[in-house]
Amino acid sequence: MEQLGQLSTPILAALVVLFAPLVSFFIYAAAGKQLRTGIPAIAAIAISLTASIVVFCHVWNGEQIHQQISWFQIGEHAFGAGMLLNNLSAIMLLLVSAIALPVHIYSTIYMKGDSGIHRYWLYLSLFCFAMLGLVMADSLLLMYIGWELVGFASYLLIGFWFTKSAAIKANKKAFLINRIGDLGFLVGIAVIYTQFQTFDLLALFGEHGMVREALNDGIEWRYGEHGMPVIWLSIAGGAFFLGAMAKSAQFPFHIWLPDAMEGPTSVSSLIHAATMVAAGVFMLVRISPLFDDHVLLLIGTIGAFTALMAATIALTQQDIKKILAFSTISQLGFMMVAIGIGQYGVAIFHLVTHAFFKCLLFLSAGAVIHEMQHLKEKNNLAIDPQDIRNMGGLRKYMPHTFRLTLVAALALAGLPLTAGYLSKDAILIFAFEWSEWQSAWWKLIPISLLITSALTAFYIARLVFKVFYGKLRLQRNDSQKYHPHEASRGMLIPMLFLGLCSLFPLFSYNPLIFEDSWLIKGFELPETLERVNIYHTVIPAAVNGLAIVMIFIAWKWYAKGKYPQGSFQGALYQFSFHQWYLNLFYESGLVKPLLGFSKMLYAIDRVVVDGLVEKVTGLARLFAYASHWFDRSVVDAVVNGMGKTAFVIGGLMRGSRKGKIQYYIFSMFLVLLIVLFVGLKVFSP
Amino acid sequence: MISLTHFLIVSALLFSIGLYAVLAKKNAILVLVGIELMINAAVLNLVAFGRYDGALYGGQTFALFAIVLAAAAVAVALAIILNVYKHYKSINPDDINNLKD
């Protein structure tokens with residue numbers, strides 16, 4: 001571990017990447033309400049992007065860089081803070097800043113005139129800083145700090161419009177669910193630290209890292225002196241996966257993501273593309289050597305199930321952002337499957353391609369919503385600007401937005417010539433190859449993925465056709481003519497950039513074969529499964545055939561308006577529309593019993609604990625009263641009685657001392673008489 | 001025959017009357033009169049016992065001195081009463097109680 005003496009270019013650049021958003025954060029924090037322009041934030045993220053390109057050029061396929069300074073020491077355990085730059089973090093740095101920059105630029109238009117815009121830039125900078133820090137952290141501890149900061153910044157951004165009660169509920173939900181995941185992460189860290197006594201990522205998960213070197217004989221998991229039952233290996237992996245499940249919105253923790261749509265659309269695009277949800281996948285890939293077969297199977301199963309479930313929900317949603325949210329959950333499920341089958345490079349590949357087209361989809365949706373909002377305000381309409389039932393025919397009014405959306409939608413559906421095709425096919429093909437080596441049941445995973453990808457094609461086609469084809473459905477309501485406008489240039493240029501990144505040339509010169517992609521080649525493929533050639537031709541054909549059929553059905557239904565009658569009342573429709581009733585289930589199955597349990601505890605507390613305490617206090621008070629009484633009427637009485645007695649005696653005695661001379665004389669005479677009398681009695685013979 | 005006892009009885013009566021006046025009267029002058037009576041009771045005792053001292057007549061002589069001294073004392077006492085009256089506008093001994101605690 002060399003000390004921070006000679007800074008090489010990539011290290012310096014990485015520091016710039018990390019600290020530019022932080023500086024911007026502090027600028028906004030210091031300037032407060034005065035600073036409404038987004039220029040510092042945009043400048044910061046642009047600097048980050050430039051610097052991360054530098055880092056990327058140095059690091060990609062080169063030596064990995066690990067620089068560390070000692071941070072603090074507890075007893076004999078030294079803790080370092082530093083950065084670990086390898087292919088994984090380099091591509092993530094580039095991705096985060098490359099997604100964040102267009103989103104920042106887009107936000108200048110989208111958020112124009114918002115009264116809280118200074119807070120918006122503040123939070124956005126913090127968000128980027130947290131994510132970049134998480135990505136380049138070299139120890140689990142630093143990663144955890146970044147992880148928490150990402151969660152916190154997303155909490156702030158989801159609740160950005162904090163006057164809306166739905167936004168507050170949504171950010172609370174997101175935060176609470178993420179706390180569950182954080183707990184998992186923490187447990188994982190604790191297990192790792194107990195076993196290896198270090199947080200260092202490279203030492204733990206590197207080429208010859210401790211995790212790989214640790215012996216696992218099926219009974220005991222041993223490293224050096226230290227060993228523990230092998231179940232802890234699975235527990236650690238499962239705990240880390242729990243963290244990733246919450247962060248990357250996997251079933252059953254996905255419910256926060258659709259609600260998080262209450263935040264500004266630009267934030268949603270950032271959360272969904274590069275920052276928040278990517279963190280979970282990234283973390284799993286970062287610590288991938290840890291997972292044993294059980295955990296991998298768990299990850300794969302959860303991922304496949306989530307993908308399918310979210311896709312079925314997305315089929316029927318009416319809110320444009322909700323559709324995209326469930327689509328994100330579904331795509332994250334794909335990434336989880338890729339991790340579950342051990343293809344970490346593919347997971348990252350899909351993460352990257354997905355980031356671009358999902359960000360683009362959100363920005364397009366934002367442009368549409370912006371326009372609908374505009375119409376709503378201009379004409380005083382009582383409509384929900386996000387409801388796709390009000391849209392339609394926007395192709396004519398917003399041609400550029402339409403074209404860009406189309407590109408992103410094709411990428412999401414996984415049609416050839418797009419980046420999405422490459423990564424999705426990679427996952428599907430690997431999943432089928434993987435299932436060759438598993439028992440027959442595990443075939444379900446690739447098959448469900450195949451179904452999911454068909455559903456994906458359908459729901460995204462439905463969205464595109466409902467929004468951009470047909471006639472503007474607002475028009476039917478009254479005779480007035482509405483004229484939505486094309487989004488402004490400040491929004492279109494970032495979208496154009498993302499649109500270009502959603503196409504194949506960025507990733508591979510060959511539009512049809514993912515294996516030629518430089519990104520895949522940048523990651524070591526785990527002991528390559530035997531290439532089953534048949535899959536490499538059949539699966540893309542199947543995927544695309546299904547997708548095209550689905551898109552055609554969607555076109556017939558939604559663009560031509562030939563709905564099959566009655567299909568919207570069915571139980572299946574309701575099941576999907578209500579998001580599998582999961583929220584309802586959580587509400588009545590978890591929240592209510594929990595509340596009931598809390599109430600019961602409260603009652604117990606009131607009756608038993610408080611009662612006991614009150615009894616004890618009552619007893620103490622009684623005792624106090626008694627001693628008070630005793631003090632007053634016995635101790636004091638004695639003292640006072642003495643005083644009073646003395647006083648009375650004194651009073652009695654001084655009764656004759658009234659200044660009456662004649663009394664004095666009388667008493668003197670009396671005394672004289674007594675003395676005489678006594679004297680006579682005593683001394684008389 | 002008038003014996004010593006009769007003298008002593010008269011003297012005692014005289015002394016008692018004087019004592020009563022001193023103790024009971026609400027007038028300083030009368031108190032003074034009482035004192036005089038008591039002095040006279042004492043003087044009577046002196047004279048009565050003096051009969052048995054035929055040689056020196058000490059009792060009688062002492063009585064003479066006592067009468068003179070009593071007169072002088074009365075003069076002083078009257079002067080005091082006069083001053084008391086000036087100060088208190090009263091000669092009731094009950095009103096003159098400034099020495100009480």
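The values are calculated or read from the model by the stated rules, or taken from the named source; none is laboratory data. Since the structure is predicted, the reported quantities are computational estimates derived from the model, not experimental observations. Reconstructed Cβ throughout: ideal geometry from the backbone, glycine too, with neighbour counts over all protein chains shown.
Values as computed for the structure displayed
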quantity	calculated
Options A:Tyr602, A:Tyr586, A:Tyr573; residue that is more than 30 Å from A:Gln250 (Cα to Cα) and either within 14 Å of another protein chain (Cβ to nearest Cβ) or within 34 Å of the chain's Cα centre (by Cα) (or both)	A:Tyr602
Options A:Ser70, A:Ser115: the member that is at pLDDT below 85, part of a strand (DSSP E or B), farther than 19 Å from A:Thr50 by Cβ and among the hydroxyl-bearing types (Ser, Thr, Tyr)	A:Ser70
Any chance A:Ile53 is touching a Cys at 6+ places or on another chain (Cβ under 8 Å), at pLDDT 85 or above and either buried (at least 19 other Cβ atoms within 10 Å of the Cβ) or of a type in the set (Val, Ile, Thr) (or both)	no
Single residue of A:Lys378, A:Lys321 found to be free of Cβ contacts under 8 Å to residues at least 40 places away in the same chain, among the basic types (Lys, Arg) and part of a helix (DSSP H, G or I)	A:Lys378
Matching residues in region B:54-101 - criterion: being within 14 Å of chain A (Cβ to nearest Cβ), among the hydrophobic types (A, V, I, L, M, F, W, C) and under 18 Å from B:Met38 (Cβ atoms)	B:Ala77, B:Ile80, B:Ile81
Any hit, region B:66-88, residues being closer than 25 Å to A:Ile665 by Cβ and touching a Ser or Thr at 6+ places or on another chain (Cβ under 9 Å)	yes
Some residue of region B:24-45 being within 14 Å of chain A (Cβ to nearest Cβ), in a loop (DSSP other than H, G, I, E, B), touching a Pro at 6+ places or on another chain (Cβ under 9 Å) and not charged (D, E, K, R)	yes
Search result, residues across region A:648-662 that are at pLDDT 80 or above and closer than 21 Å to B:Asn27 by Cβ	A:Gln662
Tally, over region B:14-32, of residues that are aliphatic (A, V, I, L, M) and touching a residue at least 24 places away in the same chain (Cβ under 8 Å)	5
Qualifying residue in region A:628-646 (condition: under 30 Å from B:Gly18 (Cβ atoms) and among the hydrophobic types (A, V, I, L, M, F, W, C))	no
From the options A:Ser448, A:Ser423, A:Ser453, residue that is of a type outside the set (Val, Ile, Thr), touching a His at 6+ places or on another chain (Cβ under 8 Å) and part of a helix (DSSP H, G or I)	A:Ser423
Filtered residues of region A:131-162 (kept if under 22 Å from A:Ile69 (Cα atoms), in a helix (DSSP H, G or I) and among the small types (Gly, Ala, Ser))	A:Gly133, A:Gly146
Filter result for the condition that a residue is more than 25 Å from A:Pro102 (Cα to Cα) and of a type in the set (Gly, Ala, Ser), over A:Gly392, A:Gly420, A:Gly414	A:Gly392
Matching entry among A:Val682, A:Val639 (being in a helix (DSSP H, G or I), more than 14 Å from chain B (Cβ to nearest Cβ) and either touching a strand residue (DSSP E or B) at 6+ places or on another chain (Cβ under 7 Å) or within 30 Å of B:Phe15 (Cα to Cα) (or both))	A:Val682
Residue match in region A:112-129 (condition: buried (at least 22 other Cβ atoms within 10 Å of the Cβ), farther than 15 Å from A:Ala20 by Cα, among the aromatic types (Phe, Trp, Tyr) and under 26 Å from the mean Cα position of the chain (by Cα))	yes
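Every residue, every condition in (1) of a type in the set (Lys, Arg); (2) touching a Cys at 6+ places or on another chain (Cβ under 9 Å), yes or no:
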residue: A:Ala239; (1), (2): no, no
residue: A:Leu270; (1), (2): no, yes
residue: A:Gly303; (1), (2): no, no
residue: A:Leu315; (1), (2): no, no
residue: A:Lys322; (1), (2): yes, no
